[in-house]
Every structure is written in C-alpha cells, then in structure tokens.
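Read the figures in this text as sums done on the coordinates, not as results from a lab. None of these values were measured; they are calculated from a predicted model. Please note: Cβ atoms are built from the backbone with ideal geometry, for glycine as well, and neighbour counts cover all protein chains shown.
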Amino acid sequence: MPTFPPLKNDLLLRTARGETTDRTPVWMMRQAGRYLPEYRAIREDHDFFEVVETPELAAEVTIQPVERFPLDGAIIFSDIMVVPEALGLTVEMVSGQGPTFPQPLATPDDLDRLVDPNIDAALGHVFDALTRTRHELEGRVPLIGFAGAPWTLMAYMVEGGGSKSYRHARAWLYRHPEASKALLRRITDVVAEYLIGQVEAGAQMLQVFDSWAGLLGPETFRTFGLPYLEEIAERVSAAHPDVPLVVFAKNVHHGLEALAATEYDVISLDWTMAPEAARHTVGDRAVLQGNLDPCALYAAPEALRREVQHMLAGFGPHRHIANLGHGMLPDHDPEHARVFVEAVHEHSRHMRTV
C-alpha cells in the first residue's frame with residue numbers, strides 16, 4: 001500500500017469506531033458536485049464520466065468542498081455505475097434522466113453478456129483517483145470510498161435507468177428468482193473486490209449505498225438485499241478490519257435490527273427515520289449516521305440551525321456522524337451547506353458541555 005501524509009483530523013474515524021469525541025463529525029453525501037460553482041466550471045469542459053475517469057479531475061472535485069467548508073471527511077468523486085460498466089454494460093449519463101442503459105438486462109439470457117472483469121484494469125482509474133486525492137488532502141480529513149449495493153445496481157441494470165417503481169427489476173425477483181440471485185452474486189463479488197482495492201489505494205472509510213433497498217418488502221429484502229450486503233461487509237472487514245464500514249439502506253425501516261447484526265460499523269439513516277427509534281433498535285451495536293432532510297437546506301439560516309439542533313438532540317451526543325438523509329441537491333445554496341456544517345460543530349460541542 002502507498003505511504004500517505006499523517007492524518008490531522010481523525011474525528012470521523014474515531015466516531016465510526018464508537019469512540020467518545022469532543023464534537024460530532026460531519027460530512028455530506030454528494031458534497032462534491034453540481035451545487036458548487038467550481039464543479040460546474042470543470043463540467044463546462046468535461047462530461048461527467050470524463051471527470052470520474054480522470055484521476056486528476058476526480059481528485060480536484062473531491063477536494064473542492066473540503067477547501068470551502070470545515071468538513072470532517074472527503075468522499076471520492078465517482079459513481080456507483082462504474083461497477084455495471086466493469087461488468088460489461090454501457091452506461092450513459094443523460095441530461096435530465098441520469099444514468100441510462102441503452103441495452104439493459106431484459107431476460108436471464110442477457111446475463112451471458114456480462115464479463116468477469118479484471119478489477120485493476122476496469123476500475124484502476126478510481127484507485128488512482130483515491131491515491132492521488134489522499135496525497136493532495138495532505139491529511140486534512142479522512143478519505144471515504146464507496147460502491148453501490150448489489151440490489152441497487154441490479155435495479156438499474158434491469159430497469160435501464162431511473163424509475164419510481166423499478167417494476168421490471170422487482171418483477172425479476174418473482175419471475176426469475178434464481179437468475180436474480182446469480183446476478184446479485186456476480187455483482188457482490190465485484191463490489192467486495194472493488195472496495196478492498198479502494199482501501200489499498202487509500203480509502204480510510206467505506207460506504208455501501210443501497211439507494212433502492214426501500215422498494216423491497218421485509219421478506220424480499222431478507223432474501224435479495226441483506227445477504228449480499230452482509231457478505232460484502234464480511235469480506236471487506238476480513239481483509240481490512242480497521243477500516244470502518246457504513247451501510248446506507250434507504251427507507252429500510254424494517255431492516256435496522258438485521259443491519260445492526262452485520263459487520264457494518266455505521267448505519268446511515270434517511271430523513272424518514274426517527275433517530276430515537278433507530279437508537280433504541282440498534283443500541284450500541286452500530287454508530288448511526290444522518291439524517292437531516294436535504295430540503296432543510298432550502299430553509300433560512302436560522303431555521304436551518306434549529307433543524308440541525310433538533311436532529312442532534314434526537315441522536316444524542318455520541319456515536320453519531322452528522323450527515324444528510326440523502327445527497328446534496330443541484331440547486332442548493334453552498335452557503336446553506338456551510339450553515340449546516342458549522343451548526344453541527346457549534347451545537348454538538350454545546351451538547352457535550354451541558
């Protein structure tokens with residue numbers, strides 16, 4: 001593994017491991033991206049996947065929010081769609097639609113179109129971006145790597161793009177259960193190896209995004225979601241036991257108990273989940289992350305500060321990483337992001353002194 005500058009702010013990592021800290025660490029999902037004018041300036045000359053696939057650009061974009069806000073972590077600028085690409089599918093980023101698959105997996109026979117990738121060859125640009133970013137951060141904050149969860153990636157690969165219901169992908173689970181498991185298994189193998197490679201390239205914490213887990217009912221989640229999330233955590237933690245693992249299974253209210261029994265160190269909550277209830281369910285088995293409604297950032301600064309204070313009170317002073325309940329939105333005001341970050345610092349310190 002490469003040698004990197006010493007870490008100056010390890011608050012995020014210590015909290016993720018369950019240690020007591022003097023304030024709550026904070027970062028934001030999608031903190032690098034479209035709401036920042038400096039990011040939009042780069043996109044004027046480079047398309048989305050060009051930025052993702054060019055380590056110099058990905059590193060620059062990753063660090064932009066760290067230069068602007070007093071954050072406690074940086075998350076590598078990439079996309080969960082690099083895994084379907086590595087498996088041999090074509091992904092296009094269509095304006096106004098998001099990721100689109102010109103040839104999705106329509107039937108189980110289409111699984112024959114997938115390849116078994118050489119991870120270093122297919123995803124080496126992400127590893128290079130992580131290594132470069134880690135050096136350029138100069139130890140200011142930890143660097144977070146990530147990947148999409150198997151079910152969420154399958155949903156895109158079968159549906160062909162974004163959808164409100166993902167009915168085609170969900171239909172596969174009932175019409176083609178064995179083919180669905182075979183696909184999820186192949187995705188799981190790639191994601192686990194990919195995350196292990198991210199650590200070896202410089203990632204200091206990892207998050208698995210299961211953005212569409214909430215579309216699964218309790219039984220389908222236990223069959224087609226949870227086992228693959230569990231295996232990823234087991235394989236990554238066996239290879240790198242000191243690297244904290246975060247799981248974000250959006251809208252899976254029914255799955256907190258099961259997630260708390262896995263190897264994930266941190267469970268991230270969306271804004272529809274009550275922190276107090278989640279804490280009662282999870283107990284001390286995992287740190288919690290989240291979960292301010294991203295739309296709260298549209299509020300006036302004083303109202304936003306009150307929302308942050310309310311969120312922090314719900315989680316309590318320890319074993320909490322402050323974040324949004326989902327990602328930053330394209331028309332967010334960067335100065336409201338600053339208010340969010342600084343309010344977490346201020347109110348969390350105050351909570352520990354009263």
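For the chain, set up a Gaussian network in which alpha carbons nearer than 10 Å are linked by springs, and say which option among LEU229, LEU269, LEU183 fluctuates the most.
Between LEU229, LEU269, LEU183, it is LEU183 that shows the largest mean-square fluctuation.
Quick one: which residues, 5+ away or cross-chain, put their amide H under 5 Å from the amide H of GLN207? H built at 1.01 Å from N.
Residues meeting the amide H criterion: GLY145, PHE146, ALA147, VAL246.
Pick from ALA106, ALA286, ALA249: which residue has the top mean-square fluctuation in a GNM of the chain where Cα pairs under 10 Å get a spring?
Comparing ALA106, ALA286, ALA249 in the GNM, the peak value goes to ALA106.
What nm distance separates the two modelled labels at HIS125 and CYS295, each placed 7 Å from Cα along Cα→Cβ?
Taking the simple label geometry, HIS125 and CYS295 are separated by 3.5 nm.
Run the simple label-point estimate for GLU19 and ASP45 please: 7 Å along Cα→C-beta, distance reported in nm.
4.1 nm
Spelling out what I want: for every residue of segment 146-160, take phi, set θ = phi - 60°, compute 6.51 cos²θ - 1.76 cosθ + 1.60 (Karplus), and round to whole Hz; glycine and proline get x.
Result, rounded to whole Hz: 7, 7, x, 6, x, 4, 4, 5, 4, 4, 5, 5, 8, 6, x.
Distances over 31 Å make up what percent of all Cα-Cα pairs in the chain?
30 percent
Take segment 193-337, drop everything but the C-alpha atoms, weight them equally and run the Debye formula without solvent; then report log10 I(q)/I(0) at 0.14 Å⁻¹ to two decimals.
Those come out to -0.70, one per q.
In whole Å, what is the distance between the alpha-carbon centres of segment 234-298 and segment 18-57?
What the calculation gives is 22 Å, centre to centre.
Can you work out the Karplus-derived ³J(HN,Hα) for every residue in segment 251-263? Use 6.51 cos²θ - 1.76 cosθ + 1.60 with θ = phi - 60°, whole Hz, and x for glycine or proline.
Whole-Hz 3J(HN,Hα) from phi for segment 251-263: 6, 8, 4, 6, x, 4, 4, 5, 5, 5, 8, 8, 7.
Name the residues whose placed amide hydrogens come within less than 5 Å of the amide hydrogen of ASN323, ignoring near sequence neighbours (fewer than 5 apart) on the same chain.
For ASN323, whose amide H was placed from the backbone, the distant partners under 5 Å are GLY290, ASN291, LEU292.
Against the longest alpha carbon principal axis of the chain, how many degrees, from 0 to 90 and to the nearest 10, is the axis of helix 119-137 turned?
10 degrees
Using r as the Cβ-Cβ distance of HIS135 and ARG175, and R0 as 41 Å, what FRET efficiency do you calculate, to the nearest 0.05? If you can, show how the numbers build up before the last one.
Details: r = 49 Å, r/R0 = 1.18.
Efficiency computed from Cβ-Cβ geometry: 0.25.
How big is the shadow of the Cα convex hull of segment 48-115, averaged over all directions, in nm²? Numbers along the way, then the final one.
On the way: hull surface 24.6 nm².
Result: a mean projected hull area of 6.1 nm².
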